[in-house]
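Okay, so here's the structure we're looking at.
The values are calculated or read from the model by the stated rules, or taken from the named source; none is laboratory data. It should be emphasised that the depicted structure is a prediction, and the values quoted were computed from it without experimental measurement. Cβ placement follows ideal geometry from the backbone for every residue including glycine, while neighbour counts extend to all protein chains displayed.
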Amino acid sequence: MALKDQINNDLTASMKSGDRIRTETLRSLRALVLDFEKSGADRAMTADEELKLLLSAAKKRKEAMELFAANNRPELAEKEKAELEVISAYLPQQMSRGEVEKRIAEVIAEVGAKGPADTNKVIPVVMKELKGKAEGKLIQEVVKEKLAQL
């Protein structure tokens, strides 16, 4: 089922159940999908574009949550956290730090990286492979740690 159809079905269900946060979040996701459709692409969204849209929405919620928490606005941080949980249900299962470290070690061996200077050889390969499965921030952090150990 396409993301648009899934969001519309879930939106209808959340409206009937009276779940206000879920309804608002799904409406914002549906608006992003409609924006894409009206952008003149004249085609359906690909799986990569759907993932990119969801990751962007999740990143915005995380950043807002951190900003509200830092500025002593816990009620708004909780709202962003609840919205992030709704969006996360549509994203692929996230990898643990251990799994990310293991895969990065394998990629470093495959690429033949010898130190921090080879970061630009490792990052693109890992990011392409783990896109949507792990945060870019975590990936960069682990790559730098692993390469610094060489």
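Brief remarks follow.
- Of the candidates Leu67, Leu54, the single residue that is within 15 Å of Ser88 (Cβ to Cβ) and in the same structural domain as Glu83 (by TED's automatic domain parsing) is Leu54.
- Test: residue in the stretch 13-21 that is among the polar types (S, T, N, Q), assigned to a helix (DSSP H, G or I) and without any contact (Cβ under 8 Å) to a residue 12 or more places away in the chain: yes
- For Arg43, the stated conditions hold: it is over 14 Å from Ala89 (Cα atoms) and outside any helix (DSSP H, G or I).
- Test: Leu130 is out of contact with any Pro (no Cβ under 9 Å at 6 or more places or on another chain) and either surrounded by 13 or more Cβ atoms within 10 Å (Cβ to Cβ) or closer than 28 Å to Thr25 by Cβ (or both): yes
- When the stretch 22-38 is filtered for residues that are in contact (Cβ under 8 Å) with a residue 24 or more places away in the chain and of a type in the set (A, V, I, L, M), the ones remaining, listed by number, are Leu26, Leu29, Leu32, Val33.
- When residues in the stretch 15-40 are screened for being over 16 Å from Ser88 (Cα atoms) and of a type in the set (Ser, Thr, Tyr), 2 of them pass.
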